């Protein structure tokens, strides 16, 4: 009989791992547990121990045969007599320490995995690299949604894939070989149907929405010059045949595929539309050939992030946009003479880092208002708000500045809608993708 310790330990590993695996397997089948980390432990780590145990059994048998071949005889386990007090005390101490160690390791593992799924881990561990995205996330409309909800998601396969990808990124971080800025779009981002559409129902009819786009002049009074739009948000409930407005693109009966010839998906020479009736129409620009379309590589089904490409990590396109928003929100006092003009000029300066920017902004603005007899409290608010706008949108180390990451919602600061709606994408029958303003909004 083979009583080599390696074989015995291997047999125990195989037996315990098998029972634990089967137990959690049935929990998973019946939907009793939903944590991806439970699945990670039992469907990834346990099978590793199972395989390790299988390998230890023949290894122990081999070592036992070698021992016998050398004339040493079979392995003899030490005699343990639990009737003796010293063995009882030893077993009690070992058992207690084992329980304590298992608890410590389990809690440490749980807290470690929990921390790795937190926004703080994503934004602060890789502080320099992810600082722009982290700052934007904290100040964005999805700040209460953890990074992993969109970038990792649930399920063991998603967790493993993205953590392996994260290991590659960690290697780049350690060696300093990472892109500046972090490129967008993210090509391995989870599909919108698994992220955006879990909260934003694409079939819901939204109707119209009044949108006020703030803008102010550079005159002494910071005169407001807002633009008011009635946005045809639209939507699409197939059973009612609704599909007008901007969200016609998300109508579940419509399929829109496109090919972009650049990594940023800003140059789109080919669009394919399949209507609810099954009819397919292909639109191409005059300067593209079928060979170029085929060589472009990526053919993508249009979803939320093709327009809402900065749903969380949004940056102001220009200093003017940033300052207009701050005046509109009341962070910059509109009563302070030339506040808009001076703040924009201060933000347009080039600074090596944030500390230098904040110091220069403070000096520039205070120097201008020294001769203006302006209320000190208003100047303080202007300085503080302007410094905040810089820190919120410009990150010199990562080469992120105004307009680095364009937002494709609309068409004022980037091509946006006009990537396709330009009257240049033409079908075989001469029909074009129109650049008709009233398709999406009305000016008021």
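The values are calculated or read from the model by the stated rules, or taken from the named source; none is laboratory data. All of these numbers come straight from a predicted model, not from anything done at the bench. No Cβ is skipped: glycine too gets one built from the backbone with ideal geometry, and neighbour counts run over all protein chains shown.
What to note about this one:
- Residues (surrounded by 14 or more Cβ atoms within 10 Å (Cβ to Cβ) and not in a loop (DSSP other than H, G, I, E, B)) located in the stretch 263-291: 270, 271, 272, 273, 274, 281, 282, 283, 284
Results for (1) modelled with pLDDT of 95 or more; (2) under 23 Å from residue 411 (Cα atoms); (3) in contact with a strand residue (DSSP E or B) (Cβ under 6 Å, 6 or more places away or on another chain), shown as yes or no for each residue.
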| position | (1), (2), (3) |
| --- | --- |
| 275 | no, no, no |
| 287 | no, yes, no |
| 315 | yes, yes, no |
| 319 | yes, yes, no |
| 328 | yes, yes, no |
| 348 | yes, yes, no |
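- Verdict on residue 346 being surrounded by 17 or more Cβ atoms within 10 Å (Cβ to Cβ), under 29 Å from residue 119 (Cα atoms) and either over 28 Å from the mean Cα position of the chain (by Cα) or assigned by TED's automatic domain parsing to the domain that holds residue 432 (or both): no
- Of all the criteria given as (1) modelled with pLDDT of 90 or more; (2) surrounded by fewer than 20 Cβ atoms within 10 Å (Cβ to Cβ); (3) outside the structural domain of residue 374 (by TED's automatic domain parsing), the one not satisfied by residue 338 is (3).
- Residues satisfying the stated conditions in the stretch 364-375, i.e. in contact with a helix residue (DSSP H, G or I) (Cβ under 9 Å, 6 or more places away or on another chain) and not in a loop (DSSP other than H, G, I, E, B): 364, 365, 366, 368, 369
- Test: residue in the stretch 214-224 that is out of contact with any strand residue (DSSP E or B) (no Cβ under 6 Å at 6 or more places or on another chain) and crowded, with 16+ Cβ neighbours inside 10 Å: yes
- Test for residue 387: is it modelled with pLDDT of 95 or more, out of contact with any strand residue (DSSP E or B) (no Cβ under 7 Å at 6 or more places or on another chain) and exposed (fewer than 14 other Cβ atoms within 10 Å of the Cβ): no
Yes/no per residue for (1) buried (at least 19 other Cβ atoms within 10 Å of the Cβ); (2) outside the structural domain of residue 258 (by TED's automatic domain parsing):
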position	(1), (2)
408	yes, yes
415	no, yes
427	no, no
431	no, no
435	no, no
438	no, no
